[in-house]
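See structure below.
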Amino acid sequence: MAAAQPTTILLVRHGLTGSTGKILPGRAPGLHLSPAGVAQAEKVAQRLVDVAPAPRALYASPLERTRETAAPIARALGLRVRTNKGLLECDFGNWTGKTLASLSKKPEWRSVQNAPSSFRFPQGESFTEMQLRIWGTLHDLAAQHRGETIVVVSHADPIKAAVTYAQGVPLDLFQRTVISTCSVSALLVGTGTPIALCVNSTGSLKELFPS
């Protein structure tokens, strides 16, 4: 029997919105890509065309900004977008929609930045739950696409949590990783220890392979 092959998962953060870096939008509906975000999505779609072997499936969080980012990727790769709730942004609970400037003044902000494993958003999700959710989702997708390459469009914190989990970085240090809008982070998942092929890439993907 042939050995099982890992799945290459290309994690794409959604493009810029009008509130990126200003508020904590969370799962609130109605947030769309800005014109700059649309341009970013078109650009990342063309970068993904260079990936070999070509991606065989495309998944996205159900929120508008991720589906709008996935749309040009779908056109460029000839794939349909499949939504998956496991790829949703963290549930920020009562903090949803608040400005980052106001949240940074809260005493709890220190825990969010320096001890996220101990923090739960009021009436929302904990960072630990978010990390287990996103990793479980990626593990399931890897099992469905063994030996293939797939694209997954999600949000900064879930991607950050998945990448650091794959690298064996403690959750309390995951805030040290940056995931830019329309960046690509690539993971090998599904057999043995996961491998991070790249993190927060905004350049060429033509030479994406494990050394």
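Couple of notes before you dig in:
- Counting every other Cβ atom within 10 Å of each residue's Cβ, T202, T69 order from fewest to most as T202, T69.
- Stokes-Einstein D in µm²/s, Kirkwood radius over Cα pairs - the stretch 153-211 at 20 °C with 1.002 mPa s viscosity: 179
- For the stretch 87-205, the direction-averaged projected area of the alpha-carbon convex hull comes to 7.7 nm².
- Rounded to two decimals, the Cα-based Rg/Rh of the stretch 17-78, with Kirkwood Rh, is 1.01.
- With contacts taken as Cα pairs under 8 Å and at least 6 residues apart, the chain reaches a relative contact order of 32 percent.
- Under the Debye formula (equal points on every Cα, no solvent term), log10 I(q)/I(0) of the stretch 49-98 at q = 0.30, 0.33 Å⁻¹: -1.13, -1.22
- In order along the stretch 118-124, the phi-based Karplus estimate (6.51 cos²θ - 1.76 cosθ + 1.60, θ = phi - 60°) of 3J(HN,Hα) comes to 9, 10, 10, 5, x, 6, x Hz; Gly and Pro are listed as x.
- In terms of surrounding Cβ atoms within a 10 Å radius of their Cβ, S104, S183 rank from fewest to most as S104, S183.
- Each peptide in 118-130, 14-26 was scored by the mean count of other Cβ atoms within 10 Å over its residues; highest first, the order is 14-26, 118-130.
- Overall dimensions of the stretch 7-201, expressed as equivalent-ellipsoid semi-axes from the Cα gyration tensor (√(5λ), whole Å, largest first), are 26, 20, 13.
- Rg and Dmax, both from the Cα atoms of the stretch 125-175 and both in Å, are 11.2, 32.
- Fully extended contour minus Cα-Cα distance, from A4 to K22, at 0.36 nm per residue: 2.1 nm
- Tilt relative to the chain, helix 64-77 - C-alpha long axis, 0 to 90 degrees, to 10: 10
- Residues K43 and T128, FRET efficiency given R0 of 30 Å [Cβ-Cβ distance, rounded to 0.05]: 0.30
- Sorted by Cβ neighbour density within 10 Å, fewest at the top, the residues E68, E207: E207, E68
- Evaluated over the stretch 1-116, the Cα radius of gyration and Dmax, each in Å: 17.0, 58
- Restraint check, K85/K206; K43/K98; K22/K106; K22/K85, Cα-Cα greater than 22 Å: K85/K206; K43/K98; K22/K85
Computed from the coordinates by the stated procedures, all read-outs in this text should not be read as laboratory data. A quick note: this is a predicted structure, and the numbers were derived from the prediction, not measured. Please note: Cβ atoms are built from the backbone with ideal geometry, for glycine as well, and neighbour counts cover all protein chains shown.
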